[in-house]
Amino acid sequence: MNKYEANLAQLKELEVSAYAYELIREVVLPDMLGQDYADMMYWAGKNLARKFPLESWEDIPAFFHDAGWGTLTMVHSKKQELEFELEGPLVSNRLKFQKEPCFQLEAGFIAEQIQLMNEHIAESYEQVKKRAGKVVLTVKWDMKDPA
């Protein structure tokens, strides 16, 4: 268990209001990062994945749950592609009230986890489904492009 995991094990027992979380994520960070917000969130997700490497893609939904990012479900698996759906109260709220909701933190996290597991460059992109109240996160990799 690394130092981050030890600290987070204790933090899992605490509850933080969604209001506080969304203030930081959707007000403070966009103001600080400006037009680079989405790119920086993708990078932050990849960096976070490197600090918390998981054993398999089946472990990713549990991490999302623990992080409060929502319910992640794998819906399609192809040879070099995985497709996930992200849902939940915070996701629905962000989709409902934000003009351009951003899920690049989650996309970057998934991309890096799959890259670490497959040892091939992986990229992920989001597809917002406002009416359905969910986000589709698709990760793809090329077996000819080792990491």
Hey, got a sec? Which chymotrypsin sites (Phe, Trp or Tyr not before Pro) in the range 61-147 land in a DSSP loop and have at most 14 other Cβ atoms within 10 Å? none
Solvent-free Debye scattering, log10 I(q)/I(0), computed from the Cα coordinates of the range 74-147 at q = 0.13 Å⁻¹: -0.39
Pop out the carbon and sulfur fraction of the accessible area of the chain as a percent, whole number, probe 1.4 Å. 54 percent
Find the eigenvalues of the gyration tensor of the Cα atoms of the chain, then list the square roots of 5 times those eigenvalues as equivalent ellipsoid semi-axes, largest first, in whole angstrom. 23, 19, 15
Among the GluC sites (Glu not before Pro) within the range 97-147, which fall in a DSSP loop and have no more than 16 other Cβ atoms within 10 Å of their own Cβ? Glu119
Kindly report the accessible area of the range 91-147 per residue (heavy atoms of protein chains, probe 1.4 Å, no ligands, DNA or RNA), in Å². 53 Å²
List the trypsin sites (Lys or Arg not before Pro) within the range 60-115 that DSSP assigns to loop and that have no more than 14 neighbouring Cβ atoms inside 10 Å. Lys79, Lys99
Evaluate E = 1/(1 + (r/R0)^6) for Ala67 and Lys144, where r is the Cβ-Cβ distance and R0 equals 41 Å; express this FRET efficiency to the nearest 0.05. 0.80
Could you compute the FRET efficiency for Gln10 and Ser92, with r as their C-beta to C-beta distance and R0 at 35 Å, rounded to 0.05? 0.75
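The values are calculated or read from the model by the stated rules, or taken from the named source; none is laboratory data. These numbers come from a predicted model, not from an experiment. Virtual Cβ from ideal backbone geometry, glycine too; neighbours counted across all protein chains shown. When the accessible area is computed, the model is the full protein with side chains, heavy atoms only, and any ligands, DNA or RNA have been set aside. Shrake-Rupley method; radii C 1.70, N 1.55, O 1.52, S 1.80 Å.
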